[in-house]
1. Can we say L96 is out of contact with any helix residue (DSSP H, G or I) (no Cβ under 9 Å at 6 or more places or on another chain), surrounded by 11 or more Cβ atoms within 10 Å (Cβ to Cβ) and modelled with pLDDT under 75?
2. Could you please find all residues in region 59-94 being among the hydroxyl-bearing types (S, T, Y), part of a strand (DSSP E or B) and under 26 Å from the mean Cα position of the chain (by Cα)?
3. With the requirement that a residue be over 17 Å from D3 (Cβ atoms), assigned to a helix (DSSP H, G or I) and in contact with a helix residue (DSSP H, G or I) (Cβ under 9 Å, 6 or more places away or on another chain), what does region 28-50 give you?
4. Quick one: how many residues across region 30-65 are closer than 18 Å to V94 by Cβ and surrounded by 12 or more Cβ atoms within 10 Å (Cβ to Cβ)?
Amino acid sequence: MDDRVAVVVSAMSAHSDRPDDFLMWYRMRRCPSTQPWDFVPRRGYGDYLSDTLRRSDSSLLTVHRASVTRIFESTGAGLTVLLSDGVVIQATHVVLALGHAPAADPLPLRPEVKGRRPMWPIRGSPRNNPQERTGRCCSSARDLPPMT
């Protein structure tokens with residue numbers, strides 16, 4: 001199952017002056033039936049941001065495909081960023097986009113309760129996979145199972 005962003009698609013535009021930009025992009029490239037209140041996969045949002053950056057003014061943006069090995073304060077105002085490929089970048093601002101770490105097992109089962117039904121949905125089960133449940137490429141709050 002593809003992890004979903006925990007924000008509705010209509011609130012995720014990269015442009016403050018075009019609040020429906022991501023919704024329109026997603027409808028055109030992924031799923032025409034996407035509604036403003038739907039939750040979409042993280043991968044779709046990443047692709048949207050990549051596409052948005054590619055279409056931006058390239059003189060204002062440099063893309064580096066390397067890992068950051070160190071960030072430290074410079075002697076002047078700003079930061080120095082060291083990349084794994086040896087590139088050194090002087091910056092006034094740095095954004096750490098670390099992604100979404102997988103959740104730990106919320107309640108590891110003790111040996112005496114193994115085999116009992118877990119209290120949380122099992123990853124990949126139809127109950128926990130809106131696309132399998134609804135046949136749609138996104139999910140909305142109304143698609144979620146009732147809390148029991």
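The values are calculated or read from the model by the stated rules, or taken from the named source; none is laboratory data. Treat the numbers as computed from the prediction; the structure is a model and nothing was measured. Neighbour counts run over all protein chains shown; Cβ positions are idealised from the backbone, glycine included.
1. Against the criterion (out of contact with any helix residue (DSSP H, G or I) (no Cβ under 9 Å at 6 or more places or on another chain), surrounded by 11 or more Cβ atoms within 10 Å (Cβ to Cβ) and modelled with pLDDT under 75), L96 does not qualify.
2. The one that is among the hydroxyl-bearing types (S, T, Y), part of a strand (DSSP E or B) and under 26 Å from the mean Cα position of the chain (by Cα): T69.
3. Residue satisfying the conditions is R29 alone.
4. 3
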